[in-house]
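Inspection log for the structure reproduced underneath, given as structure tokens.
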Amino acid sequence: MSTKEGSLFDLEVITEDLNKIRNLGLFNKIDIIPTPDFINNKIDLYISVEEQYYILPIPQAGIEEGDIKKIWGGLNIIWRNFRGRNEMLNLSFGLGYQPFVNINYFIPWIGEKEHFFGAVSVKYNKTVNKSLKDDNVIGALKDSLERYNIESYGGNLTIGKYLTKYLALSANYSYILNDFSGNYIGNTLSGDPQESYSTLSLNTSFDKRNNIFYPTEGNYFKIDLIKYGVFNKYIDFSKFRFDLRYYLPVKLSKKYNISLASKLIGAISFGGNIPPYLEERFGYSEIIRGWDNFVFQGENLLGFFNEVRIPIIKPFYVKGTDHFIIKKISFARGFSYQYGLYGTLFFDIGGVMNRSEELNKVVFRNGFGAGLNIILPFNLVARTDLAFRFSENTLKPRVVFGLSSFF
């Protein structure tokens, strides 16, 4: 906390302290209550927290590519604070569309004053891939493409340092083995059904969002320089990536704010040949709403996403003992559960390009619309967007689903 004994009372600093405690992920509910002490001419701060279980199986789910048919569900089994200082060990898995298993260890504080951090993980995941074999920045309907599966096995090691409360630098090494099945010919540089590579990356990040799961104020950026293929015969190229986000609260009345949210992402590739499955794409983890049923693929990418977030029901907590479902579950009724409802207006635009193309000749696609975001327990956000795109002089609608904030 920035607020110390003897500090001047500053509501903005106290709010930042509350947000930092919330973003630790250790507590279900946090309150900071200022209490005036008129005798000693000071203000006492009472901090009330509702702890989670240290070992907690948290339900998790997702909807991929905005398609309700591509849903998965699973558990994130977290052992928090198991040696103090918020060290975390977790097993995460998902079943259904694109199953996965991850085992992660994270230590957020190494050294007394140095404030290094580290992480190590191993993982398995199965990807249903419809990459275009050849660079095709024009794009194609997903349903028109032949699919092939990639089973990936890998691990990574990260070491970093916090330079300030919000700014961090890190280095990462990872190794990935991909096992291809189905229509893989032409999708690997080696021509074999198995292809492996290592990556080395340098990363910097800044995070001052008020809530990492559904931000309405603050800013965030992440910049990566990644080397793909370390002593690799076939894969040898690099990428520069950036992800910049800004959330601006706009006060409409004394007690009512909306939020203007923007995200700018980009990737620039350089070096040797890039296998299709490592090229940049819209249509999978990143989508342009309204064009979510298309795949656009190229060596470089640029996207700009914007939302107006309008609170309809401001986030609130329900005690487990008062919850019409949870009160019947003995181990869960001692917690509080958050709910809320936001409306959104959005505009997305993005494009992919190859290294030989000039930026002013790139075709950018855009989509726009409105949506509803339901704030749910366990940091889930049920999202439904009605998106539109202009195509062939016609306004075409699309319904896009998600179980997390769009950004």
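Restrict the check to segment 205-224 and report whether at least one residue is under 25 Å from Glu151 (Cβ atoms), touching a helix residue (DSSP H, G or I) at 6+ places or on another chain (Cβ under 9 Å) and not assigned by TED's automatic domain parsing to the domain that holds Lys20. No: zero hits.
Do we have Ala261 as without any contact (Cβ under 8 Å) to a residue 60 or more places away in the chain, surrounded by 19 or more Cβ atoms within 10 Å (Cβ to Cβ) and under 23 Å from the mean Cα position of the chain (by Cα) here? Spelling it out, it is not the case that Ala261 is without any contact (Cβ under 8 Å) to a residue 60 or more places away in the chain, surrounded by 19 or more Cβ atoms within 10 Å (Cβ to Cβ) and under 23 Å from the mean Cα position of the chain (by Cα).
Counting the residues of segment 62-93 that are among the small types (Gly, Ala, Ser) and over 30 Å from Leu169 (Cα atoms) gives 3.
Exactly one residue among Ile226, Ile212, Ile235 is of a type in the set (A, V, I, L, M, F, W, C) and more than 28 Å from Gly62 (Cβ to Cβ), and that residue is Ile235. Quick one: is Lys208 touching a strand residue (DSSP E or B) at 6+ places or on another chain (Cβ under 8 Å) and closer than 22 Å to Tyr105 by Cβ? Against the criterion (touching a strand residue (DSSP E or B) at 6+ places or on another chain (Cβ under 8 Å) and closer than 22 Å to Tyr105 by Cβ), Lys208 does not qualify.
Among the strands (runs of 3 or more DSSP E) confined to segment 280-395, the ones with at least 1 residues that are among the polar types (S, T, N, Q) and within 26 Å of Tyr214 (Cβ to Cβ) are located at 300-319, 336-353, 365-375, 381-391. Filtering Leu345, Leu380, Leu403 for residues that are at pLDDT 95 or above and not basic (Lys, Arg) leaves a single hit, Leu345. If you go through segment 381-400 and keep only what is buried (at least 20 other Cβ atoms within 10 Å of the Cβ), under 27 Å from Gln338 (Cα atoms) and of a type outside the set (D, E, K, R), you end up with just Val400.
Every residue, every condition in (1) surrounded by 15 or more Cβ atoms within 10 Å (Cβ to Cβ); (2) basic (Lys, Arg); (3) more than 20 Å from Asn104 (Cβ to Cβ), yes or no:
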site	(1), (2), (3)
Glu146	no, no, yes
Leu163	no, no, yes
Tyr166	yes, no, yes
Ser174	yes, no, no
Asp179	yes, no, yes
Ile185	no, no, yes
Gly191	no, no, yes
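Looking only at segment 36-80, residues that are of a type in the set (A, V, I, L, M), part of a strand (DSSP E or B) and modelled with pLDDT of 80 or more come to 9 in all.
A quick yes/no check of all residues on (1) in contact (Cβ under 8 Å) with a residue 12 or more places away in the chain; (2) of a type in the set (S, T, N, Q); (3) touching a Lys or Arg at 6+ places or on another chain (Cβ under 8 Å):
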{"position": "Lys70", "(1), (2), (3)": "yes, no, no"}
{"position": "Leu75", "(1), (2), (3)": "yes, no, no"}
{"position": "Arg80", "(1), (2), (3)": "yes, no, no"}
{"position": "Leu89", "(1), (2), (3)": "yes, no, no"}
{"position": "Ser92", "(1), (2), (3)": "yes, yes, no"}
{"position": "Leu95", "(1), (2), (3)": "yes, no, no"}
{"position": "Phe100", "(1), (2), (3)": "yes, no, yes"}
{"position": "Tyr105", "(1), (2), (3)": "yes, no, no"}
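The values are calculated or read from the model by the stated rules, or taken from the named source; none is laboratory data. From a predicted model like this one, the values you see are computed outputs, not experimental measurements. Cβ sites come from the backbone with ideal geometry, for glycine too, and all protein chains shown count toward neighbours.
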